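**Q** Have a look at the structure that comes next, please.
Each value in this text was obtained by applying a stated rule to the coordinates, not by laboratory testing. Computed from a predicted model, the values in this text were never measured in an experiment. Here Cβ is always computed from backbone atoms with ideal geometry, including for glycine, and neighbour counts include all displayed protein chains.
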Amino acid sequence: MYKTILVPLDGSELASAALLYAGSLAKSVGAAVVLLRVTPAPGAIHSDGRAAMLKLDYQSLRTAQSYSPEDKPLRTHEHLEIGHPQPPWIEHEMAEADRYLIAISAQLMKLGIPTQTLIRPDDIAGTILDVADEIQADMIVMASHGRGGIGRFLLGSVADRVVHHAKVPVLLIRPTITAGDDKSLDATTSFRKILVPLDGSELATRVLPHVQQLASLSGAEVTLFRSYLDLVGSDDAPDPEIARQTAGSYLQVIADNMSKQSIHPHTLIERGRAAECILDVAESMPADLIAMSTHGRSGITRFLMGSVADRVARHAHIPVLLVR
C-alpha cells in the first residue's frame with residue numbers, strides 16, 4: 001500500500017519530528033522516502049515565462065530495494081534560469097537546505113531506505129501537493145507545526161491546506177519529539193494503540209484499510225470508537241439507549257469484518273460531543289495514533305475538516321492520520 005512517502009521539512013527540529021515516523025514506516029514496508037524542502041525563490045521562472053519544472057526518475061527510486069552507506073542520495077534542485085545572479089540570501093537558503101536534506105538522507109540510507117531529496121521554490125502548501133502528485137506519493141508525513149511552533153507548517157495554514165486538498169492520507173505528527181529527546185532515525189517508532197473514530201457513514205470507514213495496514217505492521221491494538229450524543233440533530237435525537245445499541249451494532253459489524261483480516265479490534269461507545277470524546281478517550285487509553293476520515297456523513301457534516309477532525313488534529317497530543 002505504501003511505496004513512496006513524502007516528508008516536507010522546513011529545517012526545524014519540530015518539523016523533523018516527522019522523520020522518526022516516516023523512517024520507521026518506510027523501513028517496515030520497504031517504501032522510498034522523498035524529503036522536500038520548499039525555499040523562497042522570487043522570480044524563479046524560465047525566460048519564456050513558464051514556471052521552472054523538473055522531471056525525476058521516480059521509477060528508479062521506487063524499484064530500488066536498498067542502499068549501502070556508500071551510496072549517494074538522489075538529489076534534485078530547481079535550476080533557476082532567470083538571467084541574473086541569485087540574491088545572496090537565496091543562495092544561502094538553497095545551500096543550507098541542501099546540506100540539511102543530504103545529512104538526513106544519509107541517515108535514512110544507512111537504514112536501507114531509498115531516499116530522494118528535493119528542493120523547490122514557494123508556494124509551500126501548493127508545492128507539497130504538486131510534488132505528492134508528481135511522485136505518486138502514497139502518504140504525506142509532516143509535522144503540524146514548523147519553525148518556532150507558529151511558523152510555516154502551522155496547522156490552520158500549510159498543514160491545514162495540505163490535509164484539505166491532498167489525494168493521499170496525511171499523517172500529522174505533533175512536535176513533541178525534539179533533539180533533546182535523544183532519538184535518532186534508527187529508533188523504532190511504532191503504533192501500539194490506534195483509536196479509530198467512526199460516525200456511521202461509509203465515508204468514515206475509508207480510513208480502515210490504512211488502519212489494518214498499520215496494525216498489521218506493528219501488531220497494534222485497534223479500538224473502534226463512536227459517540228452517540230451528536231450523531232443526529234437535537235430536534236430528532238433518538239432515545240439514548242436505542243442510539244447506544246445502534247452504535248454498538250454498527251461497530252460490531254466493522255469489527256467482525258476486520259477480524260477476517262486478522263485484526264481483532266475492540267469497540268467503545270461514549271455519550272458526548274464527538275471531538276471532546278475522541279480526545280478524552282485517546283488520552284485515557286492511552287492511544288498513540290488517532291486515525292480518522294476528514295469527512296463523515298454526506299461528506300459535509302460530522303467529520304468535516306473544520307469541525308470534528310479539525311478540532312482533533314489541533315488538540316491531540318499524539319499523531320493523527322487523516323484520510324479524505
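**Q** With respect to the cross-link table entries Lys27/Lys110; Lys3/Lys167; Lys3/Lys260; Lys193/Lys260; Lys3/Lys27, which display a Cα-Cα separation exceeding 21 Å? It would help to have the intermediate numbers written out before the result.
**A** On the way: Lys27/Lys110 11 Å; Lys3/Lys167 15 Å; Lys3/Lys260 25 Å; Lys193/Lys260 19 Å; Lys3/Lys27 11 Å.
Checking Cα-Cα distances, Lys3/Lys260 exceed 21 Å.
**Q** Going by how many other beta carbons lie within 10 Å of each one, how would you line up Lys27, Lys110, fewest first?
**A** The most exposed by this proxy come first: Lys110, Lys27.
**Q** Tell me, what is the FRET efficiency for Arg99 and Lys167 to the nearest 0.05, using R0 = 41 angstrom and their Cβ-Cβ distance as r?
**A** Plugging the Cβ-Cβ distance into 1/(1 + (r/R0)^6) gives 0.85.
**Q** How much length, in nm to one decimal, is gained on full extension between Asp280 and Glu241, taken as 0.36 nm per residue of separation minus their Cα-Cα distance?
**A** Gain on extension, Asp280 to Glu241, equals 11.9 nm.
**Q** Quick one: Karplus J couplings for the stretch 94-101, per residue in order, coefficients 6.51, -1.76, 1.60, θ = phi - 60°, nearest Hz, x for Gly and Pro?
**A** The phi angles translate into 5, 5, 5, 4, 4, 4, 4, 5 Hz.
**Q** Further question: At R0 = 25 Å, how high is the FRET efficiency between Val29 and His264 if r is their beta carbon distance? Nearest 0.05 is fine.
**A** In this case the efficiency is close to 0.70.
**Q** For Arg120, Arg314, which order do you get if you count the other beta carbons within 10 Å of each Cβ and list the fewest first?
**A** Least crowded to most crowded, the residues run Arg314, Arg120.
**Q** Apply 1/(1 + (r/R0)^6) to the Cβ-Cβ distance of Arg314 and Asp130, taking R0 = 30 Å, and write down the FRET efficiency to the nearest 0.05.
**A** It comes out at approximately 0.75.
**Q** At 0.36 nm per residue, and after removing the present C-alpha to C-alpha distance, how many nm does the segment from Arg192 to Asp122 gain when stretched out fully?
**A** My answer for the length gained is 21.5 nm.
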